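Contents: one structure, followed by commentary.
The values are calculated or read from the model by the stated rules, or taken from the named source; none is laboratory data. Values in this document were obtained by computation on a predicted structure and should not be read as measured data. No Cβ is skipped: glycine too gets one built from the backbone with ideal geometry, and neighbour counts run over all protein chains shown. When the accessible area is computed, the model is the full protein with side chains, heavy atoms only, and any ligands, DNA or RNA have been set aside. Shrake-Rupley method; radii C 1.70, N 1.55, O 1.52, S 1.80 Å.
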Amino acid sequence: MRVAIVTDSNSGITQEQGTELGISVLPMPFMIDGETYFEDIDLSQEEFYQRMNAGADISTSQPSPKAVTDLWDGLLKDYDAVVHIPMSSGLSGACQTACMLAEDYDGRVQVVNNHRISVTQRQSALDARDLAAKGYSAEQIREILERTHRDSIIYITVDTLKYLKKGGRITPAAAALGTLLKIKPVLTIDGEKLDAFSKARTIKQAKLTMTTALAHDLEERFLDKEARHTYLQFAHTLNDAAAREFMDSIMELYPGTPAYMDRLPLSIACHIGPGALAIACTKKLEELE
C-alpha cells in the first residue's frame, strides 16, 4: 500500500521542507485586517511579526473544505491512502472538519487526532512517513499515533502578556499586574489545550522551571531519565539567539539525545507574541526504534 502523509503548516514544516521530506503541507489561513493570507505562501514569519508589531488585527482560521479535499483527491490519484495529521483538535476546529470530510472517502483518508502542534506535530508527520515506509497501513498509522498521543508535552514562556490579554486568555487587570511585577508565565500544551503551568519573575527563573518540568516528565512520565528514547525539541517566536542558548544548555544535560529547533507556528505566535521560548519532548515510537 502506498500511503501519502499530509500535515498542516502548524507543524512548522514549510512547503519547501515538505517537498524534501515527502510530506504534503496544507497552508493555514490567517485574517489580517480583514484580508486572508496563507502561512508560508503569501505570509512569511517576518511579514507576520511586522504586521503584529504595527498593531494589525490578526485572527486564525482553518483551511476551507475544498482546499482539504482538493489536496486529498490529488494525492489519491497516485497513492492508495492518505494519513492526515492536523493540529490539535483542542486548539482548532480543523481536525473535526477533516474528520467529517474523511467520512466520504471510504477509509482511504485516515485523520489523526493526537493533540500535537508545532515541533511535536512535525515529529508525528515524520513518524507517519517512516511507518508508511515500513509497510504500515494508513489505518495502522492512525491507530499508533493516536494510541501514543500522551507521549509528548510542550512548555512555553512568554516575553509579554500583551497578546494573552488581547486574545482574552488573561484579564486586563491580571495583565497589568503581571506586567508591573514583570511576571514571566510558563504555559503548557499537554494534550488538547494551551494552559497555565507556573509563574516566574525572570526569564532565568522561567527557563529553570521548564528545565525542571522536563526532567520530571522524562523520569516519571516517559520512564526515560536520560532521554535515550525521547526527542527533545525547541521552538521560539522571533527569539532565535536565546532559543539556541537555551537549547545548548539543555543538551549539555542530555548528550547524545536527538534535538531539533524551529520557530513556533503563527497560530501560536498570534496568541503569545514575539520573544517566547519553548521546549518539548516526544517519546520515540517503539515501532521505529
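Between ASP248 and THR212, with labels modelled 7 Å along Cα→Cβ, what's the label distance in nm to one decimal, could you check?
Spacing of the two 7 Å Cα→Cβ label points: 2.5 nm.
Strictly over 26 Å apart at the Cα level, which of LYS184/LYS283; LYS204/LYS225; LYS77/LYS134; LYS162/LYS207; LYS193/LYS284; LYS77/LYS283 would you flag in this model? All intermediate terms of the calculation are to be shown ahead of the outcome.
Details: LYS184/LYS283 28 Å; LYS204/LYS225 23 Å; LYS77/LYS134 22 Å; LYS162/LYS207 20 Å; LYS193/LYS284 22 Å; LYS77/LYS283 34 Å.
Table pairs above 26 Å Cα-Cα are LYS184/LYS283; LYS77/LYS283.
Given that just one value was derived from the coordinates, which of (1) 1.03; (2) 0.99; (3) 1.25 is Cα Rg over 2.2 N^0.38 Å?
Label (2) holds the value from this structure.
Membrane-span-like helices in the chain: DSSP H runs reaching 18 Å or more (Cα, own axis), mean Kyte hydropathy at least -1.0? Please report the intermediate quantities before stating the final value.
Numbers: long enough: 118-133 (23 Å, -0.39); 203-216 (20 Å, 0.20).
Both cut-offs are met by 118-133, 203-216.
Hey, could you grab the Kirkwood Rh for the range 82-151? Inverse mean 1/r over distinct alpha carbon pairs, Å, one decimal.
After inverting the mean inverse Cα-Cα distance, the result is 12.0 Å.
Using the Cα atoms of the range 1-105 to build a convex hull, what is its mean projected area in square nanometres?
Values: hull surface 28.7 nm².
Taking the Cα atoms of the range 1-105, their convex hull projects to 7.2 nm² on average.
Using 0.36 nm per residue of separation minus the Cα-Cα distance, give me the extension gain between LYS225 and ALA196 in nm, one decimal.
On the way: separation 29, 0.36 × 29 = 10.44 nm, distance 2.46 nm.
Fully extending the segment from LYS225 to ALA196 adds 8.0 nm.
Percent of accessible area on the chain owned by carbon and sulfur, 1.4 Å probe? Intermediate values should be presented prior to the final figure.
Numbers: 6660 of 13490 Å².
So the carbon and sulfur contribution to the accessible surface is 49 percent.
Positive end of the dipole of the chain, charges at C-beta (+1 Lys, Arg; -1 Asp, Glu), about the Cα centre: which of THR257, GLN121, ALA54 has its Cα farthest in that direction?
Toward the positive end, the furthest listed residue is ALA54.
Order the peptides 138-144, 267-273, 237-243 from the highest to the lowest mean number of other Cβ atoms within 10 Å of their residues. Intermediate results must be reported in sequence, preceding the final value.
On the way: 138-144: 20.0, 267-273: 22.1, 237-243: 17.9.
By packing density, highest mean first, the sequence is 267-273, 138-144, 237-243.
Choose one of LEU76, ALA94, ILE268: the residue whose Cα lies farthest towards the positive end of the charge dipole of the chain (beta-carbon charges +1 Lys, Arg; -1 Asp, Glu; about the Cα centre).
Value computed over the given set: ILE268.
Run through the range 180-249 and list the trypsin sites (Lys or Arg not before Pro) located in a DSSP loop whose Cβ has at most 14 other Cβ atoms within 10 Å. Present the calculation step by step, with values, prior to reporting the outcome.
Working: sites: LYS182, LYS193, LYS199, ARG201, LYS204, LYS207, ARG221, LYS225, ARG228, ARG244; in loops: LYS182, LYS193, ARG201, LYS225, ARG228.
Counting only loop positions with at most 14 other Cβ atoms within 10 Å, the trypsin sites (Lys or Arg not before Pro) in the range 180-249 are LYS182, LYS193, ARG201, LYS225, ARG228.
Taking loop as defined by DSSP and a crowding limit of 13 other beta carbons within 10 Å, which trypsin sites (Lys or Arg not before Pro) in the range 24-116 fit?
Working: sites: ARG51, LYS66, LYS77, ARG108, ARG116; in loops: LYS77, ARG108, ARG116.
Answer by residue number: LYS77.
Tell me what the chain gives for mean residue ellipticity at 222 nm when only DSSP H runs of n ≥ 4 count, each as -39,500 (n - 2.57), the sum divided by the residue total, rounded to 500 deg cm²/dmol. Present the calculation step by step, with values, prior to reporting the outcome.
Details: 11 runs with 109 residues, N = 289.
After summing the helix terms and dividing by the residues of the chain, the value is -11000 deg cm²/dmol.
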